[in-house]
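Encoded as structure tokens, the structure appears first; notes follow it.
The values are calculated or read from the model by the stated rules, or taken from the named source; none is laboratory data. Quick caveat: nothing in here was measured; it's all calculated off a predicted structure. So basically every Cβ, Gly included, is an ideal-geometry build from the backbone, and we count neighbours across all protein chains shown. The accessibility values were calculated without ligands, DNA or RNA, using every heavy atom of the protein model including side chains. Shrake-Rupley method; radii C 1.70, N 1.55, O 1.52, S 1.80 Å.
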Amino acid sequence: MANIRAAWTTKTKDLPGFIEGVLQNHPVRDKHWEKWRKILFYFYGEDTDFISYVEREPYYESSEHKDIEIKINRLLSIIRTYIAKLTRDNPIIEIIPTKHTEEDLRKAETANMVLDYVWNRNNLNEKILPLWLLNTFTMSAGIVKLWFNSLKKAEVVKGEEISFEQIGDIEVGVVKNYNFFPDPDATDIEDCRYIIHAYPIAVEEAEAYFGGEFKADVDITDFDQSTSLSNMVMVKEYYEKPNPKNPDGRFVVVINDKIVFKSKYQFIDPKSGEAFYPFVKVIAQPTHDQDFWGYPIIKDLIPVQKYYNAINSKILKNISLMADIQWAVPEGNIAARYIENIPGQVIVYSAQEGQVYQIAPKPLPHHVLAMRQFLAVEFEEISGQHEVSQGKAPYANMPTSALQLLLEQDETRMAVTLKQFFAGLRELAIKILKMAKIFYDEKRLIRIVGEDNITKVEEIQNTDFDFADVKTILSQAMPVTKQGKTNFSIMLWNAGIVRDPRKILKLLQLDTLDVFYKRETMDIERARRENEMIRKLADSMEYDDRLQQAAEQFMTGNAEGLFEISPIKVMKIDDHFVHIEEHGKFAKSLQFEKLHPFIQELLLRHIDEHYAFIEQQAQKAQQAKGQQQQNINIEDQLQEAMLTLPTGGGNIPLGGSNE
């Protein structure tokens, strides 16, 4: 039996045997595998033990009553709510520059583009994060893997042409816990002396990745023992960071018990020189002994689920018995053969043979139904997900303040998991950028859709970006429901906290509708063109005598007539809020700070003109509102005058009296 703690001292040629020994004797097999399998059976409602507490009374003569059972999977809805809470808003990831110089800010912005590119290309928000969290909540830990797929194609620029070339790209996927074998003594990913990831792939795929020919493993079964696979091979990847015994570290791939690839350890941050594992782990609940896998919060719900379905099955059996009435028939009474349970049926029998009568079973006692309600409440108390958190109506009428307290209580219970998830997102973002720094050694074209729904295209490689840190944010402060978001947005507008209609549309998630999106995009592009015109105007000062004279006159304090030289003009049809925001971003940049004060004043006065147009529009709207109110007041006065006119008694001449 291999010593699974002797990785560093194992020679590379002996690693296939060491790896196989780890796979067969790793403590995770004994401690966690059976627990995970049982949890997954319960989670997907496949375990017969769901109704193991149902009594099967021997007096049933009809077989149709023996196996009456019902499985209501409350676990699925609880986990679905957990995942929805953490993924309902896409995470905001902010790249922190190393310094606040113009060069570092530009590199940080490029790093943000690289991160967005990898994030969206791998569909992390819609595909990876929900599955990652599903493993976290059901199997106590979720693990994500990053790797560089050398077979992937990417866009490259060749002369004036853009083509797809096989230069490889970063991929992200969720790892099955059954296929992951960390150092048995480690408490976290980066604490491991080694990591083994073993997974089955098709023979053809293995040959494409590693070259050569491979034989399909006989009767290969994935480690979760859920499926038996054919024409597959088990790929065993061995990761070992640099250490005193092996200063260069090792990355080894074994197939068919032979080494098919080996190299120095590849995953080393070029900037800091620190090695890292290309895996990220999130746990739902830490344990006091710092178990690598954490504690599965779903485990405590399984006993409640078993009793809950036992009670439901008992109720269903009773309903079936109440519907299918039993009959008491005296021995020798021939009328029993005519009983068919047809509504309104008339049965003729002989009184001498004895009376035929129905046996009505007693209904279930009240405490059985009370126990069902008690178990339903226990689900909510243990999971920390009350009915209001799951979008259900509460069992009893509750005041709004009480509902809000329940929601806050449920959110508080998720704080530990939320922090673990935040830390995992940050670590994932950092490792994506580190992988890009290692493997993006050739220029490639990346495309992303920016926050203003405008496509950005840039040619980059690993020397074009840098970062100091990453900060993750989830906008959990916003209300959950659509009605709540609407009320919240109206409150911000009425209070004057938000005066830009576009921000209200973004809060309501309406900013991507064509009717708003196309118009806003046009104004954003126009405002950015104006920013570029101002920048180019500054560049032309060296050879433009007229501009130089205007700048000198401005510095003397005489600005009369100088601003007619500005190349940008405000138009009535502009979306002034959009222009103010885009010009404001430019005015806050380091690039703007380096411009001549006269050029700066040209842009600042242009912004003031946009504000003036907004004020004019507001005044016109107020005047129109005042005129409308005045018309309403006149109509009210006329109606009051009509009511005071006398009825009957002849005509009254206008402007005179009736004397």
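Given bins 10 angstrom wide, list per bin the percent of all Cα-Cα distances in the stretch 525-597, short to long.
With a bin width of 10 Å, the distribution comes to 17, 46, 33, 4.
Which of the peptides 110-117, 278-285, 618-625, 530-537 is most tightly packed, and how do the rest follow, judged by the mean count of other Cβ atoms within 10 Å per residue?
278-285, 110-117, 530-537, 618-625
Under a 1.4 Å probe, what is the accessible area of the stretch 83-207 per residue, stated in Å²?
Using a 1.4 Å probe on heavy atoms only, each residue of the stretch 83-207 averages 41 Å².
What net charge is computed for the residues neighbouring Phe554, neighbours being all others with C-beta under 11 Å from the C-beta of Phe554, Lys and Arg scored +1, Asp and Glu -1?
-3
Would you list Glu442, Glu640 from the most to the least accessible area, probe 1.4 Å?
Largest to smallest exposure gives the sequence Glu640, Glu442.
For the stretch 248-297, take the convex hull of the Cα atoms, compute a quarter of its surface area, and give me that in nm², please.
6.1
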